[in-house]
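Asker: One structure, pasted below without further comment.
The values are calculated or read from the model by the stated rules, or taken from the named source; none is laboratory data. Remember, it's a predicted structure, so these values are computed and weren't measured experimentally. Virtual Cβ from ideal backbone geometry, glycine too; neighbours counted across all protein chains shown. Please note that ligands, DNA and RNA were not included when accessible areas were found on the heavy atoms of the full protein model with its side chains. Shrake-Rupley method; radii C 1.70, N 1.55, O 1.52, S 1.80 Å.
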Amino acid sequence: MSKILIARNSGFCFGVKRAIRMAEEAASLHEKVNTWGPIIHNPQMVEALSNQGVFEINELSEVSDAPVVIRSHGIPLEEMNALKEKGLLVIDATCPYVAKAHDYAKLADAEAYTIFILGNQDHPEIVALKSYIRNEFFIVNQDYSIIPQKRFGKCAIICQTTQNAANLEKLVFYLIGKCNELRVFNTICNATNVRQDASVELAKNANLMIVIGGKNSSNTKMLATLCAEYTKTFHIETANELNESWFIGTEIIGLTAGASTPDWIILEVYNRINKIVGKSEQTVDSVDDIPGYKEEINEY
Ligand code: F3S
């Protein structure tokens, strides 16, 4: 008989809940609200918000006189200034932990550190973060080939909040002998750590892991990568992607979800899997009732 368990703390983190709440509050007060880029990396949630009058824009030419909510990943300084110069009501839903990384970047830059950003150069969080740096910086992930082979003076590391601790350790180890001073700002968000640890713990004991969340969500992709090291893993956005053949002969089915995955999607997936494995009687109405689920605690 199959058993379905969910990793502790799956789903929305503090920063995402806060951003959604701010967008919904704005929508209740204004006829129309814009978000600068997708407010979070979950297409289904972005679509659900559009039904409440919250619409994504990506260009200054799309700006109207509606308030603009800044996404949880933050935006580049120049874009923030351009929005403010237009006299718009700017509601800053940048996650406070992302904003903290901006503060560290400003601090290290003002003190003329060479900054190593550990993250994905195309991710909006990193595009925003680098806008706060005027001096020398490098964006690295697993590949360090862009780092010049020279001796550095003062160096600082700042991480994408969704990075993995092992990647940070590897970069510290790589740089430590190449610079006179190395300052490490560990800006990996604890919500990320908590979700990664819980997902890996479950993956170690599961025959199959289903990772739920946006295909454009870094933290969800990282969960899928980590789980795949331990067991067969599929990354899906919605219950419609589930394939019955995955579950044949599986004893323990693990579920986990990224920090930007809404509860209703997790619930749909859990209930659909129960139907697939012939346990329709175990469908539930709330994620709280999924075995293993625990509301986020001690995240910070
Ligand atoms: Fe913020 Fe951490 Fe979530 S940085 S958006 S609380 S994953």
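Asker: Report the net charge of residues surrounding Ile273, where surrounding means a beta-carbon distance below 13 angstrom and charges are Lys +1, Arg +1, Asp -1, Glu -1. Don't skip to the end; give the middle numbers.
Answerer: Values: positive: Lys3, Arg272, Lys275, Lys279; negative: Glu241, Glu244, Glu268.
Counting the neighbours of Ile273, the net charge comes to +1.
Asker: In the chain, with Lys and Arg counted as +1 and Asp and Glu as -1 at Cβ, which of these residues, Gln142, Tyr174, Ala224, has the Cα nearest the positive end of the dipole, that is, farthest along it?
Answerer: With unit charges placed on the Cβ atoms, the residue in question is Tyr174.
Asker: Another question about this same structure. Could you state the angle between the C-alpha long axis of helix 96-110 and the longest principal axis of the C-alpha atoms of the chain, as a value from 0 to 90 degrees rounded to the nearest 10?
Answerer: Taking Cα atoms only, the helix is inclined about 20 degrees.
Asker: Could you name the lysines in cross-link range of Lys84, using Cα to Cα under 25 Å and dropping any fewer than eight places away on the same chain?
Answerer: Partners found: Lys17, Lys32, Lys100, Lys106, Lys130.
Asker: With a 1.4 Å probe and every protein chain left in place, work out the accessible area per residue of the chain in Å², rounded to a whole number. If you can, show how the numbers build up before the last one.
Answerer: On the way: 13560 Å² over 300 residues.
Dividing the accessible area of the chain by its residue count gives 45 Å².
Asker: Another one. Could you grab the Rg to Rh ratio for region 237-293? Cα atoms only, Kirkwood for Rh.
Answerer: Working: Rg = 11.0 Å, Rh = 11.9 Å.
My calculation puts Rg/Rh at 0.93.
Asker: Nearest 10 degrees is fine. How inclined is helix 263-276 to the longest principal axis of the chain, computing both from alpha carbons?
Answerer: The angle comes out near 30 degrees.
Asker: Using only alpha carbon positions, build the gyration tensor of region 1-105, then give the equivalent ellipsoid semi-axes as the square roots of 5 times its eigenvalues, largest first, whole angstrom. Please list the in-between numbers first.
Answerer: Numbers: eigenvalues 151, 65, 23 Å².
Equivalent ellipsoid of region 1-105: 27, 18, 11 Å, largest first.
Asker: Sticking with this one: Can you order the peptides 129-140, 175-186, 209-220 by their average number of other Cβ atoms within 10 Å per residue, highest first? Present the calculation step by step, with values, prior to reporting the outcome.
Answerer: On the way: 129-140: 18.0, 175-186: 14.5, 209-220: 24.7.
Highest mean packing first, the order is 209-220, 129-140, 175-186.
Asker: Round to a whole number: what % of the accessible area of the chain belongs to carbon and sulfur, probe 1.4 Å? Can you show the working numbers first?
Answerer: Numbers: 6550 of 13560 Å².
About 48 percent, which is the carbon plus sulfur part of the accessible surface.
Asker: Would you mind getting the Kirkwood hydrodynamic radius of the chain from its Cα pairs, rounded to one decimal in Å? Each step should come with its number before you reach the end.
Answerer: Numbers: mean 1/r = 0.0488 Å⁻¹.
Kirkwood radius, the chain: 20.5 Å.
Asker: Ok, one more. Suppose the Debye formula is applied to equal point scatterers at every Cα of region 106-150; what is log10 I(q)/I(0) at q = 0.17 Å⁻¹?
Answerer: Per q value, in the given order, log10 I(q)/I(0) is -0.48.
Asker: Follow-up. Where the eigenvalues come from the Cα gyration tensor of region 29-174, what are the semi-axes √(5λ) of the equivalent ellipsoid, largest first, in whole Å? Intermediate results must be reported in sequence, preceding the final value.
Answerer: Working: eigenvalues 218, 56, 25 Å².
Listed largest to smallest, the semi-axes of region 29-174 are 33, 17, 11 Å.
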